[in-house]
Amino acid sequence: MPELPEVETIARALRQGGRNGPAILGQVLDSADVLWERSIAQPDVAQFRQRLAGQAVDQVTRRGKFICLALSRDNLFIHLRMSGDLRVESSRDERGETRPLEKHDRVVFNFAGGLRMAFNDARKFGRVWLAADASQVTGSLGPEPLSPAFTAADLYQRLQKTHRQLKPLLLDQSFLAGLGNIYTDESLHAARLNPSLPANRVSPDQADRLWTAIRQALEEGIQRNGASIDWVYRGGNFQNHFRVYQRTGKPCPVCGTLIQRRLIGQRSTHFCPVCQPEG
DNA sequence: CCTGAAACCTGTCTGC
DNA sequence: TGCAGACAGGTTTCAG
């Protein structure tokens, strides 16, 4: 589900509190309950539970679409994939009774102070890693799009190296970390680039536009606390500001032409045939 | 190197 | 009402 802005919103809430519960920064892990074993990518479940116990949450950050918890001795990575979410709450209700879990809770992290963090994931695609060496998990990710180190010239150079179509390329996390289906379509529309255009045919000027569009789309998404669609992620309102995503048959906000949808790289792709012409 | 298809899953919605 | 099929914010793996 979530892309960079949604993951960023969740990471901030874990750091400062808000959205789905109190902050977990500084909390000490007591135990973990694994309700769906395949949610644990690494190491095996027994080792995962054993190593976790007693470690404090020293830092909460984000890298691409990964939530990264720096623990006392390890790093805990959470990837929400299509339907994952995190919920922080007290383990007991007002009467002191153990609070029941929710449908689709897959892993529950219990903290020493009485809080718990539930990883809820209807579709079971999400994964959790525990690794001493962070590069083992996030090592192959491309640049962080909002980092000052990522420049328009940088993007242009990377685009020149391949003839892959822009849409699947931007979704490739080793090319750029954090874009998903929503923000890719929104960025390409703002940059006036056709999603099927081969990357090495993008001019320096167009690369500049794409760089600006990507960063603006992501920043607006973060500012609106992400996009909430259907039953999955809740909290943000960026969905009310989509220009093309899920707006098939509705007018382009720039020229009024009806937005088209078609499959590119097996993902549904929304674009304006006039603002984003072929070739 | 690149593309497309399939797999991993559950839930919702549409149309017959 | 029931049921089949399409579709959903992601990633990996495999065949060609």
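Only the coordinates and a few stated rules stand behind these numbers; no lab work does. As the structure is a computational prediction, the values presented were derived from the model and not from experiment. Cβ: placed from backbone, ideal geometry, glycine included. Neighbour counts: every protein chain shown.
Using only Cα atoms, tell me the angle between helix A:181-190 and the longest principal axis of chain A; keep it within 0 to 90° and round to the nearest 10.
On a 0 to 90 degree scale, this one is about 30.
From Cα coordinates alone, what are the radius of gyration and Dmax values for region A:44-126 in angstrom?
13.4, 40
With the alpha-carbon atoms as the only input, what is the per residue convex hull volume for chain A in Å³?
Numbers: hull volume 36.1 nm³, N = 279.
Per residue, the Cα convex hull of chain A comes to 130 Å³.
Mind checking region A:44-110 for GluC sites (Glu not before Pro) that DSSP puts in a loop (not H, G, I, E or B) and that have at most 13 other Cβ atoms within 10 Å? Please report the intermediate quantities before stating the final value.
Details: sites: A:Glu89, A:Glu94, A:Glu97, A:Glu102; in loops: A:Glu94, A:Glu97, A:Glu102.
Passing both the DSSP loop test and the Cβ count: A:Glu94, A:Glu97, A:Glu102.
In whole angstrom, note down how far apart the Cα centers of region A:157-212 and region A:54-113 are.
Spelled out, the Cα-based centre of one part sits 34 Å from the other.
For region A:164-228, would you read off the P(r) tail past 19 Å as a percentage of all alpha carbon pairs?
Numbers: 494 of 2080 pairs.
Of all Cα-Cα pairs in region A:164-228, 24 percent lie more than 19 Å apart.
Sort the following peptides by mean Cβ neighbour count (other Cβ atoms within 10 Å, averaged over residues), highest first: A:224-235, A:171-182.
A:171-182, A:224-235
Taking a Cβ-Cβ separation under 4.7 Å as the criterion for a possible partner, which cysteines of chain A have none?
Flagged as lacking a Cys partner: A:Cys68, A:Cys255.
Mind computing the radius of gyration and Dmax over the alpha-carbon atoms of region A:94-189? Å is fine for both.
So, for region A:94-189, Rg and Dmax equal 19.4, 62 Å respectively.
Computed FRET efficiency, Cβ-Cβ of A:Lys250 and A:Asp230, R0 25 Å: what is it to the nearest 0.05? It would help to have the intermediate numbers written out before the result.
Values: r = 18 Å, r/R0 = 0.72.
Using R0 = 25 Å, I get an efficiency of 0.85.
Enumerate lysine pairs in chain A that are 8 or more residues apart or on different chains, then count those whose Cα atoms are under 28 Å apart.
Lysine pairs satisfying the spacing and distance rule in chain A number 7.
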